[in-house]
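Here's the structure we're looking at; comments come further down.
Readers should treat all values here as calculations from the given coordinates under stated rules, not as data from a laboratory. Quantities reported herein were computed from a predicted structural model and do not represent experimental measurements. Positions of Cβ are backbone-derived with ideal geometry, glycine not excepted, and every protein chain shown enters the neighbour counts.
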Amino acid sequence: MSRLDVAVIGAGFIARTHIPAWIALGARIRIFSTDGQAALLAEEFGLTEAASLEEALDWAAVADICTPTPSHHDIALAAFEAGAHVLCEKPLALTPQHAQHMAEAAHKAGRLLYPGHVVRFFPAYVRLRDAVTSGALGRVAVARFTRAGRYPTWSSWFADPALSGGIVTDQMLHDIDIARWLFGEVASIHAAQRGNPTAPDGPVATGSATLTHESGVISQVLGAWGPPATPFRYTFHVAGSDGTLTHDSLAHPSLRVSGNLAAQGDGVPTGDFGEDPFATQIREFAAAFQGGPTPRASARDGVAAVRIAAAARQSAATGLAVTVDNTYPHPLVEENHR
């Protein structure tokens, strides 16, 4: 793999998780942000700070967009105009229209656009997908995914649904994407979300969504943002005709298998899962940017996740199930992804 010139745009938590992965690949990094934090990360990691977005993009082969959601669309368009490929932190955009416009702009510019759907790179979910796609679980009927953590008070824009999309778009989108990755396109969704930014013990928000997939599988996604002491936790429970596969990131670090599948012994690995998923994600995207294999998360996946999240917000607002639009422009229809 040749050395990549990367413009990291933004200097918050996501930038901090991406930068070590780029450094490990030998990338030359220029960083820019509008919040005054780029200088700190530049000093900490030995990067070059850019004085403007244009300066950061001027020499870059790749733009890594790590900024708040409302800015993704315009930064991505500027990157494509400058001739750079784009890795964009999830969600691609706040609205389906902006997300699709980003994908179409990438195609028009002959550049690649990949969404930072990092949960696809968490080994527990990789092994779950292997079990589902190999048929080891038999015919899957139902699945449940949960995700919880502290309310993101470190940036005020998270608390404004007009900027973040609320818990559905910012947090639950991870598991909405996983459900679609495993079970195919979503035909309809019924969702609810609640929040109290002034709760006595700290702001809280919860959300739930029931997804009916075109394959017939029913999946449920539950999300929670809690007070500062809330531990980060994610779980899944997937039931098929030949067994169930469960995982709880706090209760046990590995997968638990039951039913007929359990009798197969080592049919599904259950050991320590190793590498940092952010590093795996960056390495896979970096290879694709340089002509390597197609990565496991595509622009179409990013657009689809935003569409489903938007349908979920509409459902939460109306109390009604909402049909999801699964038609895509020609360039996205032809996009190959695994």
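Points worth noting:
- Verdict on G165 being more than 16 Å from the chain's Cα centre (by Cα) and of a type in the set (G, A, S): no
- If you go through the range 160-180 and keep only what is acidic (D, E) and buried (at least 17 other Cβ atoms within 10 Å of the Cβ), you end up with D170, D175, D177.
- Residues of the range 181-199 satisfying the condition of being surrounded by 20 or more Cβ atoms within 10 Å (Cβ to Cβ) and in contact with a strand residue (DSSP E or B) (Cβ under 6 Å, 6 or more places away or on another chain): F183, V186, I189, A191, Q193
- If the condition is being surrounded by 18 or more Cβ atoms within 10 Å (Cβ to Cβ), among the hydrophobic types (A, V, I, L, M, F, W, C) and over 28 Å from G240 (Cα atoms), then the range 141-158 contributes only F158.
- Residue in the range 295-305 that is within 24 Å of S219 (Cβ to Cβ) and among the polar types (S, T, N, Q) present: yes
- Considering only residues in the range 99-150 that are out of contact with any Asp or Glu (no Cβ under 9 Å at 6 or more places or on another chain) and among the basic types (K, R), the one that is farthest from D248 (Cα to Cα) turns out to be K108.
- Residues in the range 115-140 that are in contact with a Ser or Thr (Cβ under 7 Å, 6 or more places away or on another chain) and surrounded by 22 or more Cβ atoms within 10 Å (Cβ to Cβ): 1 in all.
- G202 being farther than 27 Å from V142 by Cβ and crowded, with 16+ Cβ neighbours inside 10 Å: yes
- Pairs linking a residue in the range 307-324 that is of a type in the set (D, E, K, R) to a residue that is part of a helix (DSSP H, G or I), with Cβ atoms under 8 Å and 6 or more positions apart or on different chains, are R307/P96; R307/A99; R313/P161; R313/G166; R313/V168; R313/T169.
- Count of the range 67-101 residues which are of a type in the set (G, A, S), farther than 17 Å from A38 by Cβ and surrounded by fewer than 24 Cβ atoms within 10 Å (Cβ to Cβ): 2
Conditions tested, residue by residue: (1) closer than 25 Å to L87 by Cα; (2) hydrophobic (A, V, I, L, M, F, W, C).
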{"residue": "R120", "(1), (2)": "yes, no"}
{"residue": "A124", "(1), (2)": "yes, yes"}
{"residue": "R129", "(1), (2)": "yes, no"}
{"residue": "A136", "(1), (2)": "no, yes"}
{"residue": "R139", "(1), (2)": "no, no"}
{"residue": "V142", "(1), (2)": "no, yes"}
{"residue": "T146", "(1), (2)": "no, no"}
{"residue": "R150", "(1), (2)": "no, no"}
{"residue": "F158", "(1), (2)": "yes, yes"}
